[in-house]
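Every number here is computed from the coordinates shown, using simple stated rules; none is lab data. For clarity, every value in this text was computed on a predicted model and none was experimentally measured. FYI the Cβ positions are ideal-geometry reconstructions off the backbone, even for glycines, and counts take in every protein chain you see.
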Amino acid sequence: MFPRLLIGALGATAVLLEAAYAQGTAADAKAMLEKTVAAIKADKANALDQINKGENGFLVGDIYPFCFNLDDGALVAIGNPNAKRSLGQDISLTNPQAYAAAKEGQIKEVTYEASKPGSDKNPGLKASFITAVAGLGCGVGYYK
C-alpha cells in the first residue's frame with residue numbers, strides 16, 4: 001500500500017509543479033522586477049551573472065528577468081535557459097516597445113506577441129514590466 005501512496009503523492013507533486021510553472025502572474029513578474037532592480041543596485045555584475053544562470057530565484061517557472069544596455073540595446077542577461085542565443089541581440093530591434101519603455105525610466109507595462117515555452121501554437125500575448133536601472137533596461141514578463 002505504501003508504494004501506491006508514494007506514487008500518488010509524487011504524481012500530485014508533479015501536477016502541482018507543472019501548474020506552478022505555467023501560472024506566473026502579473027504580481028509575480030512585478031515582484032521579480034523589483035528584486036532584479038534591488039540586486040543590480042547592490043552588485044550589478046553579480047546580479048547579471050545570477051540572472052544568466054537562473055540562480056537566486058531569478059527563474060521561477062515561466063517568470064524570469066532580462067536586461068539590456070540602454071545605450072546600444074544589447075541583451076546582456078536573460079534568465080530563460082532556452083533563450084541564451086538571444087544574448088547580444090539588439091532589443092531595440094526585436095522588442096522596440098520594451099526598449100522605449102525602459103528609456104522612459106519608470107516602471108511601464110508593455111504587451112507583445114510571444115510563444116509560450118514548449119508551445120508550438122501561434123504566439124499569444126505576453127506582457128512585461130520594464131524599467132531602467134544602472135544604465136540597463138530590465139524587464140520581467142508573464143503570459144496573459
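Values as computed for the structure displayed
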quantity	calculated
Complete set of residues in segment 85-130 that are within 19 Å of residue 52 (Cβ to Cβ) and either among the aromatic types (Phe, Trp, Tyr) or surrounded by 19 or more Cβ atoms within 10 Å (Cβ to Cβ) (or both)	91, 95, 98, 102, 128, 130
Among residues of segment 25-37, those that are closer than 17 Å to residue 102 by Cβ and exposed (fewer than 13 other Cβ atoms within 10 Å of the Cβ), counted	0
Hits in segment 52-68 - residues which are in contact (Cβ under 8 Å) with a residue 60 or more places away in the chain, in a strand (DSSP E or B) and either surrounded by fewer than 16 Cβ atoms within 10 Å (Cβ to Cβ) or under 10 Å from the mean Cα position of the chain (by Cα) (or both)	63, 65, 66, 67
